[in-house]
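Colleague: Take this structure first; my questions come after.
The values are calculated or read from the model by the stated rules, or taken from the named source; none is laboratory data. All values derive from a computational prediction rather than experimental measurement. As a convention, Cβ positions derive from the backbone with ideal geometry for all residues, glycine included, and neighbour counts pool all protein chains shown.
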Amino acid sequence: MISKPEVLEVGLAIGQGTGPELADVFTKLPKQLACLFNVQVRVHRSSRIYHSYHSLFSTGRNLRHIREETAQDAAHCEDLCKKQAAQCLKVIFGTAFMAQSQYLVRQHLESVKVELFHKQSVDILLIRDQAQGFYTGSNPYGVDALAVSRACQSDTAIFGRIVSYALSCARKSWGEDTQIDSLTMVYKYHLFDGVFDVWAQKWSRRHGLHIQFIHPDAMNRNILAFGIQSR
């Protein structure tokens, strides 16, 4: 008896950067590969083609138009992600579109990127915070656009959710009974008057483990100098 093929649902957000041409590759190639493994692939393409940085400026439009189009792209992509997630779709590929609109979506949805590295006796679980910080926020500037600033923030509630999520991912990856003694948060924490360290003390008490902030350069130096043991 031949079993029915498994159906894999994937989304596709199309940007003008690498264009509809690459979207066609994303659509056709997975289907061809899936046939080798008795899997069917259904691709759900976005109804909007999102702007790239080049496409917004190549039309010679003004800054107001660029900001409006960026906001519309972000709102549409955010709605796409929410609707696809509601349908239990877990994967959305994207061809390149403007970074600002992508970061707005990640901020609004409180996105993180999970990467697990394994080599011999070393495991590194990296949770990349994409929900706050410099790559989120807005760009206030006047009509004359003689100066521009970047307004963003870090929030203890968002941090708290990221910490809890990181620990849940660790236990899922390494087993519920795994003893987790410490969690290191790599940020430019020294720019914020010690506020981050106060937060870290609160999370340490809540979760019963040592949580510390460390500067990115110091983290890189420690890895190069001393390596990482265990997890």
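Colleague: For VAL105, indicate whether it is under 30 Å from VAL41 (Cα atoms) and of a type in the set (Val, Ile, Thr).
Modeller: It is true that VAL105 is under 30 Å from VAL41 (Cα atoms) and of a type in the set (Val, Ile, Thr).
Colleague: Check LEU89, LEU12 and return the single one that is touching a residue at least 40 places away in the same chain (Cβ under 8 Å), surrounded by 12 or more Cβ atoms within 10 Å (Cβ to Cβ) and outside any loop (DSSP other than H, G, I, E, B).
Modeller: That would be LEU12, the only listed residue that is touching a residue at least 40 places away in the same chain (Cβ under 8 Å), surrounded by 12 or more Cβ atoms within 10 Å (Cβ to Cβ) and outside any loop (DSSP other than H, G, I, E, B).
Colleague: Answer with yes or no whether ILE124 is in the same structural domain as ILE211 (by TED's automatic domain parsing), in a loop (DSSP other than H, G, I, E, B) and over 15 Å from the mean Cα position of the chain (by Cα).
Modeller: It is false that ILE124 is in the same structural domain as ILE211 (by TED's automatic domain parsing), in a loop (DSSP other than H, G, I, E, B) and over 15 Å from the mean Cα position of the chain (by Cα).
Colleague: Mind telling me which of the residues SER182, SER164 ends up being among the small types (Gly, Ala, Ser) and at pLDDT 95 or above?
Modeller: Residue meeting the stated conditions: SER164.
Colleague: Also, I was wondering about something else. Could you check CYS81 against (1) at pLDDT below 90; (2) surrounded by 17 or more Cβ atoms within 10 Å (Cβ to Cβ); (3) in contact with a strand residue (DSSP E or B) (Cβ under 9 Å, 6 or more places away or on another chain); (4) not basic (Lys, Arg) and say which number it fails?
Modeller: Tallying (1) at pLDDT below 90; (2) surrounded by 17 or more Cβ atoms within 10 Å (Cβ to Cβ); (3) in contact with a strand residue (DSSP E or B) (Cβ under 9 Å, 6 or more places away or on another chain); (4) not basic (Lys, Arg), CYS81 fails exactly one: (1).
Colleague: Please enumerate the residues belonging to segment 10-52 that are among the aliphatic types (A, V, I, L, M), more than 28 Å from HIS65 (Cβ to Cβ) and over 21 Å from the mean Cα position of the chain (by Cα).
Modeller: VAL25, LEU29, LEU33, ALA34, LEU36, VAL39, VAL41, VAL43 - these are the residues of segment 10-52 that are among the aliphatic types (A, V, I, L, M), more than 28 Å from HIS65 (Cβ to Cβ) and over 21 Å from the mean Cα position of the chain (by Cα).
Colleague: A further question on this structure: Being touching a strand residue (DSSP E or B) at 6+ places or on another chain (Cβ under 9 Å) and farther than 25 Å from GLN107 by Cβ: is that true of ARG171 here?
Modeller: no
Colleague: Going by what's in this entry, would ALA131 be described as in contact with a helix residue (DSSP H, G or I) (Cβ under 9 Å, 6 or more places away or on another chain) and either surrounded by fewer than 13 Cβ atoms within 10 Å (Cβ to Cβ) or over 22 Å from TYR53 (Cβ atoms) (or both)?
Modeller: The answer is yes for ALA131.
Colleague: Please work out which one of (1) hydroxyl-bearing (Ser, Thr, Tyr); (2) surrounded by 13 or more Cβ atoms within 10 Å (Cβ to Cβ); (3) closer than 20 Å to ILE124 by Cβ is the condition SER182 fails and give its number.
Modeller: (2)
Colleague: Let me ask something else. Find all pairs meeting these conditions: Cβ atoms under 7 angstrom apart; at least six residues apart or on different chains; first residue within segment 192-221 and in a loop (DSSP other than H, G, I, E, B); second residue among the hydrophobic types (A, V, I, L, M, F, W, C).
Modeller: Matching pairs, first to second residue: LEU209/ILE180; LEU209/LEU183.
Colleague: Right, next: Quick one: is GLN130 outside the structural domain of CYS81 (by TED's automatic domain parsing) and either more than 20 Å from PHE192 (Cβ to Cβ) or under 11 Å from the mean Cα position of the chain (by Cα) (or both)?
Modeller: yes
Colleague: Just the residues that are over 17 Å from the mean Cα position of the chain (by Cα) and of a type in the set (A, V, I, L, M, F, W, C), please, taken from segment 152-186.
Modeller: The answer is ALA157, LEU167, ALA170, TRP174, ILE180, LEU183.
Colleague: For GLU21, are the conditions met, namely being modelled with pLDDT under 85 and assigned to a helix (DSSP H, G or I)?
Modeller: It is true that GLU21 is modelled with pLDDT under 85 and assigned to a helix (DSSP H, G or I).
Colleague: Determine, yes or no, whether VAL7 is at pLDDT below 90, more than 14 Å from THR95 (Cα to Cα) and under 27 Å from the mean Cα position of the chain (by Cα).
Modeller: yes
Colleague: Of everything in segment 210-231, what is touching a Phe, Trp or Tyr at 6+ places or on another chain (Cβ under 9 Å) and either more than 26 Å from ASP177 (Cβ to Cβ) or among the hydrophobic types (A, V, I, L, M, F, W, C) (or both)? Give them in sequence order.
Modeller: Passing the criteria: ILE211, PHE213, ILE214, HIS215, PRO216.
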